[in-house]
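Enquirer: My questions will all concern the structure given below.
The values are calculated or read from the model by the stated rules, or taken from the named source; none is laboratory data. No experiment lies behind these values; they were computed from the predicted model shown. Glycine gets a Cβ as well: all are built from the backbone with ideal geometry, and neighbour counts include every protein chain shown.
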């Protein structure tokens, strides 16, 4: 399996009783698939993975697998800051039929590069399913270096990296270091860097803004992969302007407001995430109106 193109880190909708809203979930996924999205990330950071139970993750995954019907990969977030816990969660993902596991770099512990290497290697060796590594130092306080990625690719432990560092030289260095005889792709984890990331050798994005405008993110990735930079640049700017507002408070607070405004789900979150300020609500609405075609 090759991870590439425009993939969405899907929000997890909740009812007022703080349960998974499966009706809203199916409505969101239907719009994603209609928009041509090329991969679904279930229970990632945007999906509030840290506060979902195992049963809830299974329900979301099985529903997504049913709706995707094998047309796009469905990837489940399984990473924790405990290697044994990550192995257990990844074994569940495999048993439930996930196409790959999104494994974030362990947070809070601040492992060394050797620790990160051994962590990902252990998860792969114990579970034996495709591993999509997620490097987001701004949230985890750990950083998967290019040299460590190359070691992991050599052993077959990871097939792709979601890179949320916004570091273009790093992307170039990573692709220069990884062995060319091993399957590997590099994906942007940041909506602001789709165009430059693909220009540096990336093959797509795991997106937040595509929750609301999937077809536009699909179009941007396609234009960039074709090298049509003149057409891509204004679309990148337009998406970046919207994305900037969606990160005015911690993700997924603003995107859930926007999804609720567009009628997909309620803005409900799980503590310790709380509803954003009225100023955020106003910014989100203004940005959506400026973008057009959302509300």
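Enquirer: Here is a list of conditions, (1) surrounded by fewer than 14 Cβ atoms within 10 Å (Cβ to Cβ); (2) at pLDDT 95 or above; (3) more than 21 Å from the chain's Cα centre (by Cα), and residue 295 meets all of them except one; can you say which number that is?
Expert: Tallying (1) surrounded by fewer than 14 Cβ atoms within 10 Å (Cβ to Cβ); (2) at pLDDT 95 or above; (3) more than 21 Å from the chain's Cα centre (by Cα), residue 295 fails exactly one: (2).
Enquirer: Would you check which residues across the range 23-46 are under 19 Å from residue 77 (Cβ atoms) and surrounded by fewer than 18 Cβ atoms within 10 Å (Cβ to Cβ) and list them?
Expert: none
Enquirer: Give me a count of the residues in the range 66-98 that are in contact with a helix residue (DSSP H, G or I) (Cβ under 8 Å, 6 or more places away or on another chain) and part of a helix (DSSP H, G or I).
Expert: Qualifying residue count, the range 66-98: 12.
Enquirer: Output the residues belonging to the range 197-224 that are out of contact with any strand residue (DSSP E or B) (no Cβ under 7 Å at 6 or more places or on another chain) and under 27 Å from residue 259 (Cβ atoms).
Expert: Selection gives 198, 209, 212, 213, 215, 216, 219, 220, 222, 223, 224.
Enquirer: Given the conditions (1) modelled with pLDDT of 95 or more; (2) in a helix (DSSP H, G or I), and given that residue 161 satisfies all but one, which numbered condition is not satisfied?
Expert: (2)
Enquirer: Given the criteria more than 23 Å from residue 85 (Cα to Cα), under 21 Å from the mean Cα position of the chain (by Cα) and without any contact (Cβ under 8 Å) to a residue 40 or more places away in the chain, does residue 176 qualify?
Expert: Working: more than 23 Å from residue 85 (Cα to Cα): yes; under 21 Å from the mean Cα position of the chain (by Cα): no; without any contact (Cβ under 8 Å) to a residue 40 or more places away in the chain: yes.
No; evaluated as a whole, the condition is false for this residue.
Enquirer: Which ones in the range 138-156 are surrounded by 22 or more Cβ atoms within 10 Å (Cβ to Cβ), assigned to a loop (DSSP other than H, G, I, E, B) and either touching a strand residue (DSSP E or B) at 6+ places or on another chain (Cβ under 8 Å) or free of Cβ contacts under 8 Å to residues at least 12 places away in the same chain (or both)?
Expert: 144
Enquirer: Can you name every residue in the range 184-208 that is more than 20 Å from residue 229 (Cα to Cα), in contact with a helix residue (DSSP H, G or I) (Cβ under 8 Å, 6 or more places away or on another chain) and touching a residue at least 40 places away in the same chain (Cβ under 8 Å)?
Expert: 208
Enquirer: Within the range 157-172, track down each residue that is touching a residue at least 60 places away in the same chain (Cβ under 8 Å) and surrounded by 23 or more Cβ atoms within 10 Å (Cβ to Cβ).
Expert: First pass over the range 157-172, keeping only residues touching a residue at least 60 places away in the same chain (Cβ under 8 Å): 159-160, 162.
160, 162, listed by residue number.
Enquirer: Run residue 223 past the list (1) under 17 Å from residue 191 (Cβ atoms); (2) touching a helix residue (DSSP H, G or I) at 6+ places or on another chain (Cβ under 6 Å); (3) surrounded by 19 or more Cβ atoms within 10 Å (Cβ to Cβ); (4) in contact (Cβ under 8 Å) with a residue 24 or more places away in the chain and report the number of the one that doesn't hold.
Expert: Here residue 223 meets the rest and fails (4).
Enquirer: Of all residues being within 19 Å of residue 99 (Cβ to Cβ) and under 17 Å from the mean Cα position of the chain (by Cα) in the range 125-137, which is surrounded by the fewest Cβ atoms within 10 Å (Cβ to Cβ)? Just the residue, please.
Expert: 130
Enquirer: Then there is this: Looking at (1) on the phi < 0 side of the Ramachandran plot; (2) touching a helix residue (DSSP H, G or I) at 6+ places or on another chain (Cβ under 8 Å); (3) part of a loop (DSSP other than H, G, I, E, B), find the lone condition where residue 36 falls short.
Expert: Checking residue 36 against (1) on the phi < 0 side of the Ramachandran plot; (2) touching a helix residue (DSSP H, G or I) at 6+ places or on another chain (Cβ under 8 Å); (3) part of a loop (DSSP other than H, G, I, E, B), the one that fails is (1).
Enquirer: Among the residues of the range 39-55, what is the count of those that are over 18 Å from the mean Cα position of the chain (by Cα) and part of a helix (DSSP H, G or I)?
Expert: The first filter runs over the range 39-55 and keeps only residues over 18 Å from the mean Cα position of the chain (by Cα), leaving 53-55.
So of that shortlist, the ones also part of a helix (DSSP H, G or I) come out as 54-55.
Matching residues across the range 39-55 total 2.
Enquirer: Determine whether the range 206-216 contains at least one residue that is within 30 Å of residue 118 (Cβ to Cβ) and crowded, with 24+ Cβ neighbours inside 10 Å.
Expert: Looking for residues that are within 30 Å of residue 118 (Cβ to Cβ) and crowded, with 24+ Cβ neighbours inside 10 Å, one finds at least one in the range 206-216, hence yes.
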